[in-house]
1. Excluding residues on the same chain fewer than 8 positions from Lys28, give the lysines whose Cα lies under 22 Å from its Cα.
2. Restricting to Cα atoms and excluding each atom paired with itself, what does the Kirkwood estimate give for the chain in Å?
3. What residues qualify as long-range amide H neighbours of Lys60, i.e. H under 5 Å apart, gap of 5 or more or another chain, H built at 1.01 Å from N?
4. Show the residues, 5+ positions off or on another chain, whose built amide H is closer than 5 Å to the amide H of Val43.
5. For a quick check: with amide H placed at 1.01 Å from N, whose amide H comes under 5 Å from Asn15's, ignoring anything fewer than 5 positions away on the same chain?
6. Only bridges with both residues in the chain count here: give the DSSP antiparallel percent, nearest 5.
7. Could you sort 63-69, 53-59 so that the peptide with the highest average Cβ count within 10 Å comes first and the rest follow in order?
8. Could you tell me how many degrees, from 0 to 90 and to the nearest 10, lie between the Cα long axis of helix 27-37 and the main elongation axis, the longest principal axis, of the Cα atoms of the chain?
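Read the figures in this text as sums done on the coordinates, not as results from a lab. Since the model is a prediction, treat every value here as computed from it, not as a measurement. Quick reminder, even Gly has a Cβ in these numbers, built from the backbone with ideal geometry, and neighbours come from all protein chains shown.
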Amino acid sequence: MLKDAAIRRVKVLLNSSVAFEILNLFRKELVRLEESKSVVIEVCGDPAVSLSQMQVSTAKEGGEWVLRKVSEVDDYVRNS
């Protein structure tokens, strides 16, 4: 997804507990990725989202959010 140079924002929706852990454990890595790719990465939590699910959306500069992926986290990790 970040190979598209026009992408400026990425939003990842996860279970609140998972989002909290990612933001705490990987904050520096997220900042480095944002800086190296010139994107803003939003990690959002929602208690209604299953622990094993995620939703990834992207947006171009000034554009609307486009849903890119809704999947089980395990499938995403295995297929990445």
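1. Partners within reach: Lys3, Lys11, Lys37.
2. So the Kirkwood estimate lands at 13.1 Å.
3. Arg8
4. HN-HN under 5 Å from Val43: Val12.
5. Asp46, Gln53
6. Close to 70 percent.
7. By packing density, highest mean first, the sequence is 53-59, 63-69.
8. 30
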